[in-house]
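The values are calculated or read from the model by the stated rules, or taken from the named source; none is laboratory data. Quick caveat, the model's predicted, so the values are computed rather than measured. Note: ideal-geometry Cβ built from the backbone for every residue, glycine included; neighbour counts use all protein chains shown.
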Amino acid sequence: MQQYRTHTCGELRKTHVGQSVTISGWVHRVRDHGGVIFVDVRDHYGVTQVVVNPGSACYQDSTKWRCESVVKFTGRVVERIAETVNSKLATGDIEVVGDTLEILSEAEVTPFSVALDSDCDENLRLKYRFLDLRREQMHANIVLRSKVASSVRRRMVDLGFLEYNTPILTCSSPEGARDFLVPSRLHAGKFYALPQAPQIFKQLLMVSGFDRYFQIAPCFRDEDARADRSPGEFYQIDIEMSFVTQEEVFAVVEKLIDGIFSEFSTQALTATPYPRITYRDSMLQYGTDKPDLRVPLIIQDASDIFRETGFNAFKQVLAKKGVVRALAVRNCAEQPRSFFDGLIAFSQEKGGKGLAYITWTAEGVKSPIAKFLTPAELDALQKLGNMQPGDVMFFAADTEKVANKVAGEVRVRLGELLGLKEKEGYKFCWIVDFPMYEWSDEEQRWDFSHNPFSMPQGGMDALLNTKPDQICAYQYDLVCNGIELSSGAIRNHRPEIMYKAFELCGYTQADVEKKFGGLLNAFRFGAPPHGGIAPGLDRILMLLTNAPNIREVIAFPLNQNGQDLLLGAPGEVTEKQLRELRIKLNLPAAPAAGAATGAAATAAPAPGKPTPGTPIS
RNA sequence: GGGGGCGUAGCGCAAUUGGUUAGAGCACUGCCCUGUCACGGCAGAGGUUGCGGGUUCGAACCCCGUCGCUCCCGCCA
């Protein structure tokens, strides 16, 4: 016999009328009418109304109830009369007439309301995450996360993949993000690192002959947080496949992603196969490598039109090898002056110098810059954007990098302001043909623009005979609604091509050996061509729940400063623990205890003389 | 490390833009109420306006510093 419940709080229906039941849960709300009292009892499954009548055994305890206390009621299920049915509640056709009550756990007054799903300070929510997670939206997010993870596993297995575990304690990786380090006790002075991703291990699994790998893998990176970037740790649906081309990876991911989004969303989806957009086209047409295709506007290059221009602002930009990007927008001429001023301010916020624009009207063109332009230039612009009366063309002129960014940001902004952006739906695309290298002004050498493990398109021949900036990699991103969902590559499994690829960035064979010796050694004993990808689970959930930030889909996230406010991580450790690890702390001197704040200036160390023990920051 | 925004009761907010004793709602405490479902009504308690300094006859409001939060840049192969 069940001690705590015969039914859950989401279970009872008309069919149960007449039964004696026991339910347990949290006190969600209480409506005390002086005589009859209504108590909403909530658990994971739902809410059920319990009616407490004067004279019943449970009535006398009623003054002790408080929201979020855990209670157990026994009672009888009765049908509600038509006037009192609550259609907002799944159990609203019935109610439980309370007989006995047991308070299983008394709650203190909560710092915020669980029943009322209203905003409150996020750090307060994180400190009391167990309360926050009781709330409807958060509870649903975490349930969805579990269902999506299960579905991913089922779908991957159906696609012929097996899930493998890879180490959490591994070694520091020479490239990429900052590592989290774990000191070794057995090897004093040496450190493990938490994996930024199981990259090398999944490649080793391919070399080990396992063919199709996946893992819902935790990844650890010690980098600053963003709204869509969890500090510290996040999860990837890590995938690797042997004997495949890029298109075969795409086919698997499209099946997975289309399946997941179809299963968990009713919104419109991009039909598979998703559009492939080259990196070069994306940078030109959308100003970014993660385009939001919900906005129908396309950026065009207008540099050639202004080669001989007398308009100084553009002339100077082009003379310095900059570019002029144009954005043609229909039916925008009627917008008030403040609309255009706002856009100019917006573009300046994003790093632009300004934002020129030309309006086409029935009487001709109207623009602050029209007087600097020749009829031939205006004519060419009209043709470029097929400009009709009522249309406006915006210009971003700057270095290619800045012009792309500004035009890209203005493109999305215009889409939102003019209501052109689709309100619903998921727009997927592949960004392909990423450049293998980019010139680093800082270091005065070529650098990998993405993953050094990627296979250059054209292989060794390309490395030997093509200018580095012309070489593309088999490197690809999956993008949805302007969010980078996933990044992957066909890997470079040939040691000699690996050496050559690194050589272009100034690394010797010995350097490569030192950095990636483990992987390279494996490649010497028969490595299959292989490639993979790693969709971000947290970001998929953000899209499915329309969450404003990534912490909304993680049960116990660190806050933006990388702290766990519930348990207090990171925390101090004992002297004994440090001694065992042979670690001596070297912290900046704490301010003298009890020092009057007013005397701080005199107590501070003389400028230019760092306090001994201050770490170099 | 840098920039923007924010900081008022336990919570989410207001305070006519520098003017008397900083307000109402939810929550809390007490009382009333027998069909509510965000129940309702009466009363009460609850504040160093993040902290420190300054300007002023007068500061929640203006200035400087500082701390915290948040979004962004850097960073994230």
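Just to be sure, is A:PHE261 buried (at least 17 other Cβ atoms within 10 Å of the Cβ), of a type outside the set (S, T, N, Q), in a helix (DSSP H, G or I) and in contact with a strand residue (DSSP E or B) (Cβ under 7 Å, 6 or more places away or on another chain)? For A:PHE261, the condition - buried (at least 17 other Cβ atoms within 10 Å of the Cβ), of a type outside the set (S, T, N, Q), in a helix (DSSP H, G or I) and in contact with a strand residue (DSSP E or B) (Cβ under 7 Å, 6 or more places away or on another chain) - is met. With respect to the conditions (1) assigned to a helix (DSSP H, G or I); (2) surrounded by 15 or more Cβ atoms within 10 Å (Cβ to Cβ), A:SER146 lacks only one, and its number is (2). Pairing residues of segment A:212-234 that are in contact (Cβ under 8 Å) with a residue 60 or more places away in the chain and at positive phi with residues that are within 12 Å of RNA strand B (Cβ to nearest atom) and part of a strand (DSSP E or B), at Cβ distances under 7 Å and at least 6 apart in sequence or on separate chains, gives A:GLY232/A:PHE220.
Could you tell me whether segment A:173-183 includes any residue that is closer than 25 Å to A:PHE243 by Cα, crowded, with 17+ Cβ neighbours inside 10 Å and touching a strand residue (DSSP E or B) at 6+ places or on another chain (Cβ under 7 Å)? Taking every residue of segment A:173-183 in turn, none turns out to be closer than 25 Å to A:PHE243 by Cα, crowded, with 17+ Cβ neighbours inside 10 Å and touching a strand residue (DSSP E or B) at 6+ places or on another chain (Cβ under 7 Å). Screening the candidates A:TYR437, A:TYR507, A:TYR474 for the property of being of a type in the set (Phe, Trp, Tyr) and surrounded by fewer than 20 Cβ atoms within 10 Å (Cβ to Cβ) yields one hit, A:TYR507.
Of all residue pairs spaced 6 or more apart or on separate chains, those with beta-carbon atoms under 7 Å, a first member in segment A:88-110 that is touching a residue at least 12 places away in the same chain (Cβ under 8 Å) and more than 20 Å from A:GLY18 (Cβ to Cβ) and a second member that is among the hydroxyl-bearing types (Ser, Thr, Tyr) and assigned to a loop (DSSP other than H, G, I, E, B) are A:ILE103/A:SER69; A:SER105/A:SER69; A:GLU106/A:SER69; A:ALA107/A:SER69. Checked against the criteria, A:GLN215 counts as under 26 Å from A:LYS515 (Cβ atoms) and away from RNA strand B (no atom under 13 Å from the Cβ). Applying a threshold of 7 Å to beta carbon distances and a minimum spacing of six or more residues, or different chains, the list of pairs starting in segment A:37-62 at a residue that is more than 21 Å from A:ALA140 (Cα to Cα) and in contact (Cβ under 8 Å) with a residue 60 or more places away in the chain and ending at one that is crowded, with 22+ Cβ neighbours inside 10 Å and not aliphatic (A, V, I, L, M) is empty. As a summary of the residue check, A:LYS421 satisfies the conditions (1) within 22 Å of the chain's Cα centre (by Cα); (2) within 15 Å of RNA strand B (Cβ to nearest atom) except for the one numbered (2). Of all positions in segment A:237-255, none carries a residue that is in contact with a Cys (Cβ under 8 Å, 6 or more places away or on another chain), surrounded by fewer than 15 Cβ atoms within 10 Å (Cβ to Cβ), in a loop (DSSP other than H, G, I, E, B) and not hydrophobic (A, V, I, L, M, F, W, C).
Residues checked against (1) more than 29 Å from A:VAL295 (Cα to Cα); (2) within 16 Å of RNA strand B (Cβ to nearest atom); (3) of a type in the set (Ser, Thr, Tyr):
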{"site": "A:PRO456", "(1), (2), (3)": "yes, yes, no"}
{"site": "A:LYS467", "(1), (2), (3)": "yes, no, no"}
{"site": "A:ILE471", "(1), (2), (3)": "yes, yes, no"}
{"site": "A:ASN481", "(1), (2), (3)": "no, yes, no"}
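For segment A:160-174, does any single residue satisfy the condition of being within 16 Å of RNA strand B (Cβ to nearest atom) and aliphatic (A, V, I, L, M)? Among the residues of segment A:160-174, at least one is within 16 Å of RNA strand B (Cβ to nearest atom) and aliphatic (A, V, I, L, M), which makes the answer yes. Filtering segment A:175-202 to residues that are away from RNA strand B (no atom under 16 Å from the Cβ) and either among the basic types (Lys, Arg) or over 22 Å from A:ARG579 (Cα atoms) (or both) leaves A:ARG185, A:LYS190. A:THR399 passes every criterion in (1) of a type in the set (Ser, Thr, Tyr); (2) more than 21 Å from A:TYR286 (Cα to Cα); (3) at pLDDT below 90 apart from (2). Taking every residue in segment A:243-259 that is under 11 Å from A:TYR474 (Cβ atoms) and pairing it with any residue that is part of a loop (DSSP other than H, G, I, E, B) and among the hydroxyl-bearing types (Ser, Thr, Tyr), at least 6 positions away or on another chain, the pairs with Cβ-Cβ distances below 6 Å are A:GLN246/A:TYR474.
Would you be able to say whether some residue in segment A:497-519 is of a type in the set (Ser, Thr, Tyr) and touching a residue at least 24 places away in the same chain (Cβ under 8 Å)? So far as segment A:497-519 goes, no, none of its residues is of a type in the set (Ser, Thr, Tyr) and touching a residue at least 24 places away in the same chain (Cβ under 8 Å). For segment A:37-57, filtered to residues that are polar (S, T, N, Q) and more than 9 Å from RNA strand B (Cβ to nearest atom), the residue that is nearest to A:THR8 (Cα to Cα) is A:THR48.
For segment A:21-36, the count of residues that are of a type outside the set (A, V, I, L, M, F, W, C), within 11 Å of RNA strand B (Cβ to nearest atom), within 39 Å of the chain's Cα centre (by Cα) and surrounded by 16 or more Cβ atoms within 10 Å (Cβ to Cβ) is at least one. Scanning segment A:163-191 for residues that are touching a residue at least 24 places away in the same chain (Cβ under 8 Å), of a type in the set (A, V, I, L, M) and either in contact with a Phe, Trp or Tyr (Cβ under 7 Å, 6 or more places away or on another chain) or within 26 Å of A:GLU223 (Cβ to Cβ) (or both) yields A:ILE168, A:LEU169, A:ALA177.
If you go through segment A:552-586 and keep only what is within 22 Å of A:PHE180 (Cα to Cα) and in contact with a Leu (Cβ under 8 Å, 6 or more places away or on another chain), you end up with A:ALA555, A:PHE556, A:PRO557, A:ASN559, A:ASP564, A:LEU565, A:LEU566, A:ALA569, A:LEU578, A:LYS584, A:LEU585. Return yes when A:GLY92 is surrounded by fewer than 19 Cβ atoms within 10 Å (Cβ to Cβ) and on the phi > 0 side of the Ramachandran plot and no when it is not. Against the criterion (surrounded by fewer than 19 Cβ atoms within 10 Å (Cβ to Cβ) and on the phi > 0 side of the Ramachandran plot), A:GLY92 does not qualify. More than 12 Å from RNA strand B (Cβ to nearest atom), under 27 Å from A:VAL152 (Cα atoms), in a loop (DSSP other than H, G, I, E, B) and not basic (Lys, Arg): does that describe A:PHE525? For A:PHE525, the condition - more than 12 Å from RNA strand B (Cβ to nearest atom), under 27 Å from A:VAL152 (Cα atoms), in a loop (DSSP other than H, G, I, E, B) and not basic (Lys, Arg) - is not met.
In segment A:58-86, which residues are more than 9 Å from RNA strand B (Cβ to nearest atom) and hydroxyl-bearing (Ser, Thr, Tyr)? A:TYR59, A:SER62, A:SER69, A:THR74 - these are the residues of segment A:58-86 that are more than 9 Å from RNA strand B (Cβ to nearest atom) and hydroxyl-bearing (Ser, Thr, Tyr).
Conditions tested, residue by residue: (1) farther than 25 Å from A:VAL479 by Cα; (2) among the aliphatic types (A, V, I, L, M).
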| residue | (1), (2) |
| --- | --- |
| A:GLY351 | no, no |
| A:LEU378 | yes, yes |
| A:GLN388 | yes, no |
| A:VAL392 | yes, yes |
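Of all residues in segment A:111-124, those satisfying the criterion of being assigned to a loop (DSSP other than H, G, I, E, B) and either among the polar types (S, T, N, Q) or near RNA strand B (Cβ under 6 Å from one of its atoms) (or both) are A:PRO111, A:PHE112, A:SER113, A:LEU116, A:SER118, A:ASP119, A:CYS120, A:ASP121. The set of residues in segment A:314-327 that are over 16 Å from A:ASP304 (Cβ atoms) and either touching a His at 6+ places or on another chain (Cβ under 7 Å) or hydrophobic (A, V, I, L, M, F, W, C) (or both) contains only A:LEU327.
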